[in-house]
Amino acid sequence: MKPYHRPVPKTWWLKRLPYFLFVIRELTAAFVAFYCVLLLVLVYKLGQGPEAYEAMLAFLKTPGMIFLNVVAGLFVTYHSVTWFNLTPKVMVVQIGEECVPGYLIAGSNYVAWLVVSGVLAWIIVRM
Amino acid sequence: MLETGHPNPKYKLSKSNEPIWWSLFSAGGVIAALFLPVLILLTCIGLPFAESADQIFAYERILPLASHWIGRLFLLVVIALPFFHAAHRLRYVVADLGLEKLGPLLSVVCYGGAIISTILTIIVVISL
């Protein structure tokens, strides 16, 4: 006899907010991939010479692309926030009997995020 | 050894290459979380709207930055690893959203796509 599997509707993730937020979190990966493709194309155009590169920059300034990129940016930021908020669960640091409180671990990741972002922005804008 | 300590030797631990994809997923997730938001901000909002954007993103300025060996390595890591992150995550969420019957085909499409994309990234970064 096969074990009984209760049928799960395809809309299972719309039934509760936590399920919905989970699927949104997982789907941020699609926007991560989207932006990485965009970045790859930009780097490729950079290698193709100034005209191709300028054309790509002009394309990135079109309203359609700005809109898509803002949406992608929101989803990618949601990825970052949910990722860093998970770090206390995956990195349990014990000092003697107690664990380091979660907000310190997540907080240090956020600080690293800020520092890394600042350094990268400085390199691109100033160097 | 794949056998457990169970007295009956026909019980073996099942082989799975999932740990490899999961490790790449983790690495890609950290890279994407740390670097992508600021990159999107600069290239997709800074570029269209900032006054000095045309100066900052000028070809003569960006090409030396990107073709420096550190720049190439950075671009390779920042583009290729998130592909693996997305592949692993999408492979599982697509299954959860109802397409689990595709099974191995889904894995091949997702991880194969990430591998092909990585190869393309290497080629692009080398030929800068």
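The values are calculated or read from the model by the stated rules, or taken from the named source; none is laboratory data. Predicted model only: the values in this text are computed from it and were never measured. Cβ atoms come from the backbone with ideal geometry, glycine included; neighbour counts cover every protein chain shown. For accessibility, only protein heavy atoms count, side chains too; no ligands or nucleic acids. Shrake-Rupley method; radii C 1.70, N 1.55, O 1.52, S 1.80 Å.
Go through the range A:112-125 and report how many residues are under 21 Å from B:Gly71 (Cβ atoms) and more than 9 Å from every other protein chain (Cβ to nearest Cβ).
Result for the range A:112-125: 3.
Taking the range A:49-63 as the search range and keeping residues that are of a type outside the set (Ser, Thr, Tyr) and closer than 16 Å to B:Ile45 by Cα, which one is surrounded by the fewest Cβ atoms within 10 Å (Cβ to Cβ)?
Our first condition is that a residue be of a type outside the set (Ser, Thr, Tyr); within the range A:49-63, this holds for A:49-52, A:54-61, A:63.
Next cut, closer than 16 Å to B:Ile45 by Cα only: A:56-61, A:63.
Working: A:Met56: 18, A:Leu57: 20, A:Ala58: 11, A:Phe59: 14, A:Leu60: 19, A:Lys61: 15, A:Pro63: 8.
Selected residue: A:Pro63.
Quick one: is B:Ala87 touching a residue at least 40 places away in the same chain (Cβ under 8 Å) and either among the small types (Gly, Ala, Ser) or closer than 20 Å to A:Ala121 by Cβ (or both)? Talk me through it step by step, then tell me what you get.
On the way: touching a residue at least 40 places away in the same chain (Cβ under 8 Å): yes; either among the small types (Gly, Ala, Ser) or closer than 20 Å to A:Ala121 by Cβ (or both): yes.
Yes, satisfied.
Quickly run through the range B:95-112 and pick out the residues that are within 9 Å of chain A (Cβ to nearest Cβ) and within 28 Å of B:Pro37 (Cβ to Cβ). Spell out the reasoning first.
Looking only at the range B:95-112, we keep the residues that are within 9 Å of chain A (Cβ to nearest Cβ), and these are B:96-98.
If the condition is that a residue be within 9 Å of chain A (Cβ to nearest Cβ) and within 28 Å of B:Pro37 (Cβ to Cβ), then B:Asp96, B:Leu97 are the ones that fit.
Report yes if some residue within the range B:11-21 is in a helix (DSSP H, G or I), at pLDDT 90 or above and of a type in the set (Asp, Glu); otherwise report no.
No, because not a single residue in the range B:11-21 is in a helix (DSSP H, G or I), at pLDDT 90 or above and of a type in the set (Asp, Glu).
Select from the range A:94-111 the residues that are open to solvent by 40 Å² or more (accessible area, probe 1.4 Å), among the aliphatic types (A, V, I, L, M) and within 14 Å of another protein chain (Cβ to nearest Cβ) and list them in ascending order.
The answer is A:Val111, and nothing else.
What is the residue count in the range A:89-112 for residues that are among the aliphatic types (A, V, I, L, M) and assigned to a loop (DSSP other than H, G, I, E, B)? Give the derivation first.
Just the residues of the range A:89-112 that are among the aliphatic types (A, V, I, L, M), to begin with: A:90-93, A:95, A:100, A:104-106, A:111-112.
After this cut, where a residue has to be assigned to a loop (DSSP other than H, G, I, E, B) as well, the list is A:91-93, A:100.
The total comes to 4.
For the structure I just gave you, tell me whether B:Ile122 is of a type in the set (A, V, I, L, M, F, W, C), more than 9 Å from chain A (Cβ to nearest Cβ), under 15 Å from A:Leu39 (Cα atoms) and surrounded by fewer than 18 Cβ atoms within 10 Å (Cβ to Cβ). Outline the logic, then answer.
Details: of a type in the set (A, V, I, L, M, F, W, C): yes; more than 9 Å from chain A (Cβ to nearest Cβ): yes; under 15 Å from A:Leu39 (Cα atoms): yes; surrounded by fewer than 18 Cβ atoms within 10 Å (Cβ to Cβ): yes.
The answer is yes for B:Ile122.
Can you tell me which residue among B:Ala27, B:Ala50, B:Ala58 is surrounded by fewer than 18 Cβ atoms within 10 Å (Cβ to Cβ), at pLDDT below 90, farther than 17 Å from A:Tyr78 by Cα and of a type outside the set (Phe, Trp, Tyr)? It would help to see each step written out before you state the result.
Values: B:Ala27 fails: at pLDDT below 90; B:Ala58 fails: at pLDDT below 90.
Every option except B:Ala50 fails the conditions.
Would you confirm, using the coordinates I've provided, whether A:Met91 is more than 9 Å from chain B (Cβ to nearest Cβ) and closer than 24 Å to B:Leu65 by Cβ? Spell out the reasoning first.
On the way: more than 9 Å from chain B (Cβ to nearest Cβ): yes; closer than 24 Å to B:Leu65 by Cβ: no.
No, not satisfied.
Would you point out which residue out of A:Val8, A:Val43 is of a type in the set (A, V, I, L, M, F, W, C), closer than 27 Å to B:Ile123 by Cβ and either open to solvent by less than 70 Å² (accessible area, probe 1.4 Å) or free of Cβ contacts under 8 Å to residues at least 40 places away in the same chain (or both)? First the steps, then the outcome.
Details: A:Val8 fails: closer than 27 Å to B:Ile123 by Cβ.
Going through A:Val8, A:Val43 in turn, just one is of a type in the set (A, V, I, L, M, F, W, C), closer than 27 Å to B:Ile123 by Cβ and either open to solvent by less than 70 Å² (accessible area, probe 1.4 Å) or free of Cβ contacts under 8 Å to residues at least 40 places away in the same chain (or both): A:Val43.
Is there a residue in the range A:13-33 that is within 23 Å of B:Val38 (Cβ to Cβ), within 7 Å of chain B (Cβ to nearest Cβ) and out of contact with any helix residue (DSSP H, G or I) (no Cβ under 6 Å at 6 or more places or on another chain)?
The answer is yes; a qualifying residue exists.
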